[in-house]
Amino acid sequence: MSFVIHRFCLAALLLSTAFLMGSVLPASAQETGDDSSAAPAIKQLEEALEPYLMPKSGPFRPDQIAIGQAAAISAWARSGHANAASESFSHWNGDGEIPPVCATCHAGAGFRSLYGLDGSAPGVPEHPVPTGGVVDCDTCHNPGLSKIEAVRFPSGLIHPVQPGEASCLTCHQGRAAGATVENAVGDMADDAPNPDLGFINPHYAVAASTWMGGYGGSGYQYPGKDYSGRFFHARPVASCASCHEPHSLEVAERTCMTCHAQSATKDIRLSRLSYDGSGDLSKGISADIAANAGVLKQMLADYATDVAGVPLVYDGHRYPYFFADANGDGRADLTGDNPVAYKAWTPRLLKAAYNWKFVNADPGAYAHNPHYVLELLFDSIEDLAGALDRDMSTLGIKR
């Protein structure tokens, strides 16, 4: 019965529409098909059909609601901070929860708990945090952020912060420092392999620690050496947001071009010294850093084979990154399907490997503090060269 009624109503509606169209459209429009003069008629038609249309869902249509921060929200939604599928936020999905110490940076809820922005006592969350969170709006725009006066770094440094800096400096400082390495090796003999030692990972995206330089002490700093402190760059470039668009995270290269002629940040030189010994001052200082990092990586392998007695290989896709290669075939040894973690660490090898990883953990080190990372690379190479009985002057590199 209802089906018949629905069909009857539909037929009546169509007939009414045809009648209205025929009666209200001007004759010229009906004959020529030109509907430019039909606007009043169409309006009459819409009014006539109004009782038969579904009511509006609310006082506004979604596409008519103005969103004042639409551009910022759109930029954030496409950024790494909002990518819930990335390793940074999905790593614990299988467990369904994020460990408290990890959640402080890998979930907005964890960050707010760390500083008591959620009403809890400040500190690492008492319980694991559910997965699914990202660096959300409230991570960087919480009103309570203005009350944070200082951020603690892994070295123990308590660094005063300006409003808006706490989020960046907390989550881009890494999880280890030179002091972590020093405490691990204690008074062990420099070149004696010790199975109790394991690789110490500085963590990832350590831009804040690179920026602080020797003042922050996040790299392993060799005794008796002086290190460049916090990189102040130029006076207008005083914070993370000076160079990075805070929502999209893209580098504001136009800001760089205010003082630098190069359109690409990696091409900026910042020095008249050739640190890699090539003598080429036309390339960016990033090239010198990459070249010296390559020298250090090779020297790590040489030292592991010739001094520690067990060759090693590096695999950046699997933790703990450095693996044993007893047969020297350039591939990690396996136990079943699992690679064998390197266990012939000496204090000297661990210090240099930590610095190499620290420098490479910050892809923007060439802009954040090039002098500091070049010093760490040089000193690490020099320390290994002494144990390998190699003449540093033959490398041509500079500190």
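For this structure, a couple of remarks:
- Ordering Ala367, Leu197, Ala103 by the projection of their Cα atoms onto the charge dipole of the chain, which places +1 on the Cβ of Lys and Arg and -1 on the Cβ of Asp and Glu, puts Ala367 at the extreme positive end.
- Solvent-accessible area assigned to carbon and sulfur over the stretch 92-239 amounts to 54 percent, based on a 1.4 Å probe.
- Stretch gain in nm, segment Arg331-Asp315, where the contour uses 0.36 nm per residue and the Cα spacing is subtracted: 4.9 nm
- In a DSSP loop and with at most 10 other Cβ atoms within 10 Å, the trypsin sites (Lys or Arg not before Pro) in the stretch 258-290 are Arg272.
- Residue-normalised accessible area of the stretch 274-399, given per residue in Å² at a 1.4 Å probe: 40 Å²
- Extent along principal axes [Cα atoms of the stretch 219-378; Å; largest to smallest]: 54, 37, 28
- In terms of packing, defined here as the mean over residues of other Cβ atoms within 10 angstrom, the peptides 344-355, 231-242 line up highest first as 344-355, 231-242.
- Diffusion coefficient, µm² s⁻¹, Stokes-Einstein with Kirkwood Rh over alpha-carbon pairs of the stretch 147-293 at 20 °C and 1.002 mPa s: 121 µm²/s
- Amide H partners (placed H, <5 Å) of Ile98, local residues excluded: Val129, Thr131
- On Cα atoms only, tilt of 207-216 relative to the major axis of the chain in degrees: 30 degrees
- Taking amide H atoms as placed 1.01 Å from N in the peptide plane, the amide H of Val151 lies under 5 Å from those of His159, Val161, each 5 or more residues away in sequence or on another chain.
- Candidates Ile65, Ile158, Ile98, ranked by Gaussian network fluctuation over the chain, Cα under 10 Å, top entry: Ile65
- Contour minus Cα-Cα distance for Arg390 and Glu149 (0.36 nm per residue): 82.0 nm
- Over the chain, Cα pairs under 8 Å with separation of 6+ residues give a relative contact order of 13 percent.
- Close Lys pairs in the chain (alpha-carbon distance under 25 Å; sequence gap of 8 or more, or different chains): 20.
- Applying 1/(1 + (r/R0)^6) with r as the Cβ-Cβ distance of Asp306 and Asp196 and R0 = 25 angstrom yields a FRET efficiency of 0.65.
- Computed from Cα positions, the angle between helix 2-24 and the longest principal axis of the chain comes to roughly 80 degrees.
- Only the Cβ atoms of Lys and Arg (+1) and of Asp and Glu (-1) were treated as charged; on that basis the dipole of the chain about its Cα centre amounts to roughly 700 debye.
The values are calculated or read from the model by the stated rules, or taken from the named source; none is laboratory data. Just so it is clear, the model here is predicted, and its values are computed rather than measured. FYI the Cβ positions are ideal-geometry reconstructions off the backbone, even for glycines, and counts take in every protein chain you see. The area values use the complete protein model at the heavy-atom level, side chains included, leaving out ligands, DNA and RNA. Shrake-Rupley method; radii C 1.70, N 1.55, O 1.52, S 1.80 Å.
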